[in-house]
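Student: Have a look at this one before I ask anything.
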C-alpha cells in the first residue's frame, strides 16, 4: 500500500463565501471565494432590479458554500433544478453571475483562459460595435463621426421614440429620415444596427421595416417584444433586413421555440442574464444548428464583457459583440474604471483580442469596488407614457 504525502488524496477546493457589490451606473459584481485563496468574479444583475437579483444570489449561497467550485455543470443544475420554480430574469441572472465566477475560478486554478477550457479559439479577434444616440436618438451623426475617427465602423442606435400600436406618419418619417441621413453622410464606410427595443407593435413594425429597407441596416433588433416572438417568422417573410432578438430570453428552453419557428437571423443572449457562460454556450450551439448568427447582448460592465468574449472566441457563428464603453447609461463611470488591467480591453480598429490571463482575464479593482458600493445608485429605467397617458414601452 502506498503511503506518504505524495500519495494522499487531495481534498477538493471548497467555496467559502459569496459577496455582492452594487455599483454605478447600474451594475453588480459578485466575488466567490474559496478555501485555496482563488477567487472568481461574476456580474449578476437585472438592470433596474439589482436588489432582487442580489437577494437571489444570496438565496443560492446555501447550495454553494462548502461545494467544489470546479464542478460547474453540477452546481448549475443544482441552482436551476433545485428549486421548483425556475427561469425568468431574476433567477437566471443570479445563476449567470455565479456561473461566470465559477469559470473564473476554474481557469485561474488550471492557469488558462476560460476559452481554452471550452475548446480553444475559433478566431483571432472579435468585431465589436458601439452605441450612439441615446434613448431618444439624437446627435447620431456627431457620435458616429467621433467614434469612426477612433476606429469603429459598426454601430447600433435606438430606432424610434415611443410609438403606439398604430401611430402617425410623422413619427415614421422622422425615424426614417434619421437613418437616411446616416447613409447619406457615411455611405457604405460604416454599418449600423437599429434597436426598436420592443417599442412598437406588429402593425407599426411592418411599416417601419418596409421603410427602412432602402437604407440597408445591418439588422433590426427586437422589432416586437420577446413575448410576441411568434411574430418574428411572420415579419421575416416581409423584409430582407436581418432580424435580431434574445436579450429578454433567459434559457435554451425559451430559445428553442424561437429557433423552431424561425425568423431570427441573429440571436442575442446575454451571459449575465441567460444562465451565464454555461447556458449561453448551449444557446450558441443551438443557433449554429439553425444557421443563426450570434451577437451577445452586453450593455454592462467588464466581467460581463469578458464573459461574452470568451463565448465569442469559441463560437463559430459569433459575428458581433456589443460593449458599453461610452454608452449613454454610463453617467460618470465606465467599465474600465473597475479593473486593474485596462490594457487587456483595448479596442483596435473595431476589434478586441483574446484575453491571455487565466480565468476570465479580468483583474478587478476590489478596493475601488468596495468603496464605490457604499454609494451605489438605485437605478431605474425611465417610465414613458403616450400622449393619451397610457404606459409606453421604454
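The values are calculated or read from the model by the stated rules, or taken from the named source; none is laboratory data. Computed from a prediction, not measured in an experiment: that's the story for all the values here. Quick reminder, even Gly has a Cβ in these numbers, built from the backbone with ideal geometry, and neighbours come from all protein chains shown.
Student: Of all residues in segment 224-247, which are surrounded by fewer than 19 Cβ atoms within 10 Å (Cβ to Cβ) and either in a loop (DSSP other than H, G, I, E, B) or under 15 Å from the mean Cα position of the chain (by Cα) (or both)?
Tutor: Passing the criteria: 225, 237, 238, 239, 240, 242.
Student: Right, next: Inside segment 324-381, can you point out the residues that are in a helix (DSSP H, G or I) and in contact (Cβ under 8 Å) with a residue 12 or more places away in the chain?
Tutor: If the condition is that a residue be in a helix (DSSP H, G or I) and in contact (Cβ under 8 Å) with a residue 12 or more places away in the chain, then 335, 336, 337, 338, 344, 345, 366, 368, 369, 370, 372, 373 are the ones that fit.
Student: Something else about it: Within segment 271-280, is even one residue surrounded by fewer than 18 Cβ atoms within 10 Å (Cβ to Cβ) and either modelled with pLDDT of 95 or more or in contact with a strand residue (DSSP E or B) (Cβ under 8 Å, 6 or more places away or on another chain) (or both)?
Tutor: So far as segment 271-280 goes, no, none of its residues is surrounded by fewer than 18 Cβ atoms within 10 Å (Cβ to Cβ) and either modelled with pLDDT of 95 or more or in contact with a strand residue (DSSP E or B) (Cβ under 8 Å, 6 or more places away or on another chain) (or both).
Student: Can you name every residue in segment 148-177 that is crowded, with 21+ Cβ neighbours inside 10 Å and assigned to a helix (DSSP H, G or I)?
Tutor: Matches in segment 148-177: 175 only.
Student: Something else now. For residue 30, indicate whether it is surrounded by 19 or more Cβ atoms within 10 Å (Cβ to Cβ), outside any loop (DSSP other than H, G, I, E, B) and more than 21 Å from the chain's Cα centre (by Cα).
Tutor: Considered against the rule, which asks whether it is surrounded by 19 or more Cβ atoms within 10 Å (Cβ to Cβ), outside any loop (DSSP other than H, G, I, E, B) and more than 21 Å from the chain's Cα centre (by Cα), residue 30 comes out as no.
Student: Condition test on residue 114, is it under 23 Å from residue 370 (Cβ atoms), surrounded by 19 or more Cβ atoms within 10 Å (Cβ to Cβ), touching a residue at least 40 places away in the same chain (Cβ under 8 Å) and in contact with a helix residue (DSSP H, G or I) (Cβ under 6 Å, 6 or more places away or on another chain)?
Tutor: Against the criterion (under 23 Å from residue 370 (Cβ atoms), surrounded by 19 or more Cβ atoms within 10 Å (Cβ to Cβ), touching a residue at least 40 places away in the same chain (Cβ under 8 Å) and in contact with a helix residue (DSSP H, G or I) (Cβ under 6 Å, 6 or more places away or on another chain)), residue 114 does not qualify.
Student: Which of (1) under 20 Å from the mean Cα position of the chain (by Cα); (2) surrounded by fewer than 16 Cβ atoms within 10 Å (Cβ to Cβ); (3) at pLDDT below 95 is the odd one out, the single condition residue 379 does not satisfy?
Tutor: Only one criterion in (1) under 20 Å from the mean Cα position of the chain (by Cα); (2) surrounded by fewer than 16 Cβ atoms within 10 Å (Cβ to Cβ); (3) at pLDDT below 95 is unmet by residue 379, namely (2).
Student: Applying the selection to segment 213-223, what residues are at pLDDT 95 or above and either surrounded by 20 or more Cβ atoms within 10 Å (Cβ to Cβ) or on the phi > 0 side of the Ramachandran plot (or both)?
Tutor: Of everything in segment 213-223, those that are at pLDDT 95 or above and either surrounded by 20 or more Cβ atoms within 10 Å (Cβ to Cβ) or on the phi > 0 side of the Ramachandran plot (or both) turn out to be 216, 217, 218, 219, 220, 221, 222.
Student: Here's a follow-up. Tell me, which residue of segment 232-257 that is touching a residue at least 60 places away in the same chain (Cβ under 8 Å) and in contact with a helix residue (DSSP H, G or I) (Cβ under 9 Å, 6 or more places away or on another chain) is farthest from residue 94 (Cα to Cα)?
Tutor: Looking at the filtered set, the residue picked out is 254.
Results for (1) under 19 Å from residue 303 (Cβ atoms); (2) modelled with pLDDT of 95 or more; (3) assigned to a helix (DSSP H, G or I); (4) under 17 Å from the mean Cα position of the chain (by Cα), shown as yes or no for each residue.
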residue: 63; (1), (2), (3), (4): no, yes, yes, no
residue: 66; (1), (2), (3), (4): no, yes, no, no
residue: 69; (1), (2), (3), (4): yes, yes, no, no
residue: 73; (1), (2), (3), (4): no, yes, yes, no
residue: 78; (1), (2), (3), (4): no, yes, yes, no
residue: 98; (1), (2), (3), (4): yes, yes, yes, yes
residue: 109; (1), (2), (3), (4): yes, yes, yes, no
residue: 116; (1), (2), (3), (4): yes, yes, yes, no
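Student: Taking residue 23, is it closer than 17 Å to residue 359 by Cβ, touching a strand residue (DSSP E or B) at 6+ places or on another chain (Cβ under 9 Å), buried (at least 24 other Cβ atoms within 10 Å of the Cβ) and not assigned by TED's automatic domain parsing to the domain that holds residue 330?
Tutor: So residue 23 fails the test.
Student: Tell me the residue from 127, 206 that is over 30 Å from residue 61 (Cβ atoms), touching a residue at least 12 places away in the same chain (Cβ under 8 Å) and in a strand (DSSP E or B), please.
Tutor: 127
Student: Looking at 159, 187, which is the one that is closer than 25 Å to residue 321 by Cα and touching a strand residue (DSSP E or B) at 6+ places or on another chain (Cβ under 9 Å)?
Tutor: Of 159, 187, the one residue that is closer than 25 Å to residue 321 by Cα and touching a strand residue (DSSP E or B) at 6+ places or on another chain (Cβ under 9 Å) is 159.
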